[in-house]
Amino acid sequence: MSSAPLRLLIVDDETGTRNMLERAMSRRGFDTRVAESVDEALGLIARERFDCALLDLKIHHDSGLELIAPLRAENPRARIILLTGYSSIPTAVAAIKLGADDYLCKPAGGDQLVAALTDDQAGAGDATELPEISSAPPSVNRLAWEHIQRVLAENDGNISATARALGMHRRTLQRKLQKRPKGQ
């Protein structure tokens with residue numbers, strides 16, 4: 001990264017996730033600003049310049065997609081990353097068409113976020129290594145595991161809240177979490 005820290009906007013309505021992202025990115029040298037709503041983020045975008053942004057897809061009853069155009073208008077060179085616990089091809093396509101630079105599924109690790117946020121700024125022109133694409137679709141067990149992990153992240157790791165959200169008993173969820181699926 002350059003000598004001046006990159007100014008990062010983090011927008012997420014979940015307090016635990018927002019605080020965790022702010023701490024993780026500050027520790028990695030970013031100058032962070034946070035917002036918990038689209039309106040609060042729009043105010044920050046109007047007042048400050050940003051080098052990069054992490055936007056949650058679902059922000060209360062709004063969408064992080066609404067912030068891409070204003071961010072891009074005020075900060076044309078900013079790296080914009082959309083984060084979501086519920087990834088889908090239509091939202092990924094919409095995010096990229098609106099001007100997002102990347103689309104990552106929660107929970108994303110700090111190093112993965114730094115790589116996504118600094119991609120163009122750290123090595124413009126470098127070839128990006130493409131992920132290996134499996135010839136076989138993921139197993140039902142793998143898909144169920146990933147869904148449970150997304151809901152668990154949305155509930156800040158709270159097993160009881162996650163079990164309620166998934167409509168299962170807490171002990172059943174604990175057993176499923178102990179059985180990590182093999183391969184795809």
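The values are calculated or read from the model by the stated rules, or taken from the named source; none is laboratory data. A quick note: this is a predicted structure, and the numbers were derived from the prediction, not measured. Using ideal geometry, Cβ is built from the backbone for each residue, glycine included, and neighbour counts are taken over all protein chains shown. SASA here: full protein model, heavy atoms, side chains in, ligands and nucleic acids out. Shrake-Rupley method; radii C 1.70, N 1.55, O 1.52, S 1.80 Å.
So how do CYS52, CYS105 rank on accessible area, 1.4 Å probe, biggest first, that is with the largest at the start? Mind dumping the intermediate values first?
Details: CYS52 0, CYS105 55 Å².
Sorted descending by solvent-accessible area, the residues read CYS105, CYS52.
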Worksheet, complete the sentence: Excluding residues fewer than 8 positions from LYS176 in its own chain, the lysines with Cα under 23 Å of it are LYS106
Fill in: Cleavage-rule hits (GluC sites (Glu not before Pro)) in the range 1-72: DSSP loop, at most 15 neighbouring Cβ within 10 angstrom
GLU48
Practice prompt. Assuming R0 = 45 Å, can you tell me the calculated FRET efficiency for the pair ALA165 and ALA4, based on Cβ-Cβ distance, to the nearest 0.05?
Written response: 0.60
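Suppose the chain between ARG23 and LYS179 were pulled fully straight at 0.36 nm per residue; how much longer would it get relative to their current alpha carbon spacing?
Values: separation 156, 0.36 × 156 = 56.16 nm, distance 3.03 nm.
Length difference between fully extended and current span is 53.1 nm.
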Response to the item:
Low-density loop trypsin sites (Lys or Arg not before Pro), the range 70-121, at most 14 other Cβ within 10 Å, DSSP non-H/G/I/E/B, are ARG77
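Report the trypsin sites (Lys or Arg not before Pro) located in the range 1-68 that are in a DSSP loop and have at most 12 other Cβ atoms inside 10 Å of their Cβ, or state none. Kindly include the intermediate steps, with their values, before the conclusion.
Numbers: sites: ARG7, ARG18, ARG23, ARG27, ARG28, ARG33, ARG47, ARG49, LYS58; in loops: ARG28, ARG49.
For trypsin sites (Lys or Arg not before Pro) across the range 1-68 that sit outside H, G, I, E and B with at most 12 neighbouring Cβ atoms in 10 Å, the list reads ARG49.
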Discussion item. If you roll a 1.4 angstrom probe over the protein chains with everything in place, what fraction of the accessible area of the range 1-81 belongs to carbon and sulfur, to the nearest %?
Written reply: 49
Worksheet item: Excluding same-chain residues fewer than 8 positions from LYS179, which aspartates and glutamates have a Cα within less than 18 Å of its Cα?
Response: GLU146
Worksheet entry | Pair THR15, ALA73: separation of 7 Å Cα→Cβ label points (nm) | 3.3
